[in-house]
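Structure, as structure tokens:
The values are calculated or read from the model by the stated rules, or taken from the named source; none is laboratory data. What you see is a predicted model; the values in this text were computed from it and never measured. FYI the Cβ positions are ideal-geometry reconstructions off the backbone, even for glycines, and counts take in every protein chain you see.
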Amino acid sequence: MPLGDFLVAYLKRAGVTHLFGLPGDLVLGLFHRFGRDRDLEIVTFSHEPSVGFAADGYARSTRRLGLVCVTYGAGGHNVLNPIAGAYAEQVPLLVVSGGPGEAEQKLSGIHHQAKEVEGQWRMFREVTVDARILRHPERAAEEVHEVVRAILTQHRPGYLEIHRDFVDVRIPVPREIRDWNGRFEPPPSDPRKLREAVADTVERLSRAKRPLVIGGIEAYRAGAERELIRLAERLGVPVVTTPDAKGSFPMDHPLHMGIHMGPFSPPAIERRVAEADLVLALGTVLTDLNLGAAKPQVPRERAVWAVGNRVNVSFHTYTDVALADFVAALAREDLPRFREKVVYCDNLKRTKQPDLAAPLCVNDLLLEINHFLDGHLAYDVFAESGDSLFGGLELRLRAGGLYFSQSYYASMGFAVPAAIGAEIGRGRRTLVLTGDGAFQMTGPEISHAPRHGVAPVVVLVNNSGWQIFRPVSPRTDLLEVPPWPYAELAQQWGGVGFRVDTRGELREALRAAHELREFVLIECRVPPDDLSPISRRYIRESARRGRGAARVAAGRGASSRKRA
């Protein structure tokens, strides 16, 4: 069958229903093949970075394969940053790019080409788990299958480049691919190692007095949330999650204590982790943000750490043990019951009688969003990078609402298009927390919401610039952004806009937003020097560490000059 027809049929077999992309001359034939007879629903935006972020949000929220289709050169290069973010955060995306035909490649240059014809493919090799240019008809079906297998088993993006004279080339389709059921089963755990890892952990739990569970992002990627809940309930111990795993354990569960971020955790969480004589770290990835820019607070001798098909029980290592298998098997064991009373904690400051007429600040803005989410359950939340990333950690969703952010790669411009992608995929309304600076990157893509049938609620924190850098930058004038009329723009783009200056006005705007069917943008004006509680502490500590590193480097340089 023609390669283009095969690719459409294959991706539908893999469960793909939507394509996120932008047409371009070198991919037009393939682009239209995807959308012919409505085979796939095509979702377009105004700029390729938003295409990548939207596909990312779709794939994160649905745990299905996200599909991106762009043209060669100008399109492919534009989408590199979102794909790099998806690679860093282990999101399964397939990028399909067009390219110049064989005759065109013989010219001295083809438009959109930067250096060599294969330059774009080489770039994508750096940010994907597998990248191929399809050149050989007899191997094309197998190569597609191999790339998609790598994407879905390793939870990272892959890349296929199909030059425009290759779309209609007839290719053989092997029987094993024709008979494929659309799924790739994860590699099984070694049953002997699994039994020993579980027995070793049970023995440690039998001696523990104050154990604790840290839920990590890989528990969500492995689809092990139910097993994690069952294990926690069997033990009756507190569960905290890392920033990148926020929402992987239900935030309204009575055992959920909050977010652990090293020294930037709420004091009660930091104390409880330090007091634990055994920590079950399940799917926890050691990144600087998860650790709060500090060393791990849990000594290895007091930890069971399961991540990446490996379980470390203190200093014993068991390889070839999948996280989902380990958690499920552990939950079936005869476990001790601790029945600890757990109190949810965050960093927000509260008063008994909030002053709804007081000027709005970030702390109160976050309290009001929590008040709203407490009464309106059918929302997923997307937090932008910058101060919204840290402020979003204080939000608490209920009744199965999911929370997403790029808390590791942290690319600004992620949240608005990602929320649109998720709303298309999940069918749940989204609430976006963003700053004014990040919104000016990709926020105008909200104008596409009406035609895609989605209606996000965007809470925009307007502090007149790149506020997160102001405490550490000697040139605050370089951190300013133009004063856009955000609320008015929302009206012009087919939505509804509100401008609020007080906590009471925000409460009323959120109430009204929930009743509206259009997308809503709520511009929240706060002082230029205001920050969320975690941001203030994190930035000061980072600046302190940076000054210390500079002094050490200067000292080494002086010593080197003396020796010279």
Any idea which of Gly158, Gly76, Gly66 is touching a Ser or Thr at 6+ places or on another chain (Cβ under 8 Å), crowded, with 20+ Cβ neighbours inside 10 Å and modelled with pLDDT of 95 or more?
Gly158
Which numbered condition His163 misses (of (1) modelled with pLDDT of 95 or more; (2) farther than 30 Å from Ile269 by Cβ; (3) buried (at least 20 other Cβ atoms within 10 Å of the Cβ)):
(1)
Look at the stretch 3-29 and say how many of its residues are modelled with pLDDT of 85 or more and either over 27 Å from the mean Cα position of the chain (by Cα) or within 24 Å of Asn181 (Cβ to Cβ) (or both).
17
Please name all residue pairs, on different chains or six or more residues apart, with Cβ atoms under 6 Å, provided the first residue is in the stretch 132-146 and is without any contact (Cβ under 8 Å) to a residue 40 or more places away in the chain and the second residue is of a type in the set (Phe, Trp, Tyr).
Ile133/Trp121
Exclusive hit being hydroxyl-bearing (Ser, Thr, Tyr), within 23 Å of Arg170 (Cα to Cα) and modelled with pLDDT of 90 or more, set Ser46, Ser61, Ser50, Ser97:
Ser97
Of the residues Asp530, Asp477, which is modelled with pLDDT of 70 or more and under 27 Å from the mean Cα position of the chain (by Cα)?
Asp530
For the stretch 124-149, what are the residues that are surrounded by fewer than 19 Cβ atoms within 10 Å (Cβ to Cβ), out of contact with any Phe, Trp or Tyr (no Cβ under 7 Å at 6 or more places or on another chain) and part of a helix (DSSP H, G or I)?
Arg125, Pro137, Glu138, Arg139, Glu142, Glu143, His145, Glu146
Which of the following residues is loosely packed, with under 13 Cβ neighbours inside 10 Å, among the hydrophobic types (A, V, I, L, M, F, W, C) and either within 25 Å of Leu367 (Cα to Cα) or at pLDDT 95 or above (or both): Leu516, Leu506?
Leu516
What tally of residues in the stretch 1-40 results from selecting those that are part of a loop (DSSP other than H, G, I, E, B) and in contact with a Cys (Cβ under 6 Å, 6 or more places away or on another chain)?
0
Matching residues, the stretch 61-75, being touching a residue at least 60 places away in the same chain (Cβ under 8 Å) and under 22 Å from Thr17 (Cα atoms):
Ser61, Thr62, Arg63, Arg64, Leu65, Gly66
Asp168 passes all but one of (1) over 30 Å from His316 (Cβ atoms); (2) outside any loop (DSSP other than H, G, I, E, B); (3) acidic (Asp, Glu); which number fails?
(2)
Which residue is surrounded by the most Cβ atoms within 10 Å (Cβ to Cβ), if the candidates are limited to the stretch 472-503 and must be in contact with a helix residue (DSSP H, G or I) (Cβ under 7 Å, 6 or more places away or on another chain) and among the charged types (D, E, K, R)?
Arg503
Does the stretch 400-419 contain any residue that is assigned by TED's automatic domain parsing to the domain that holds Ile522, at positive phi and buried (at least 21 other Cβ atoms within 10 Å of the Cβ)?
yes
Output for the stretch 297-323, where each listed residue is closer than 24 Å to Gly247 by Cβ and loosely packed, with under 15 Cβ neighbours inside 10 Å
Gly308
Which residue out of Val237, Val298, Val213 is in contact with a helix residue (DSSP H, G or I) (Cβ under 6 Å, 6 or more places away or on another chain) and over 18 Å from Arg398 (Cα atoms)?
Val213
Could we say that Val285 is assigned by TED's automatic domain parsing to the domain that holds Pro211 and either surrounded by fewer than 13 Cβ atoms within 10 Å (Cβ to Cβ) or touching a Ser or Thr at 6+ places or on another chain (Cβ under 9 Å) (or both) here?
yes
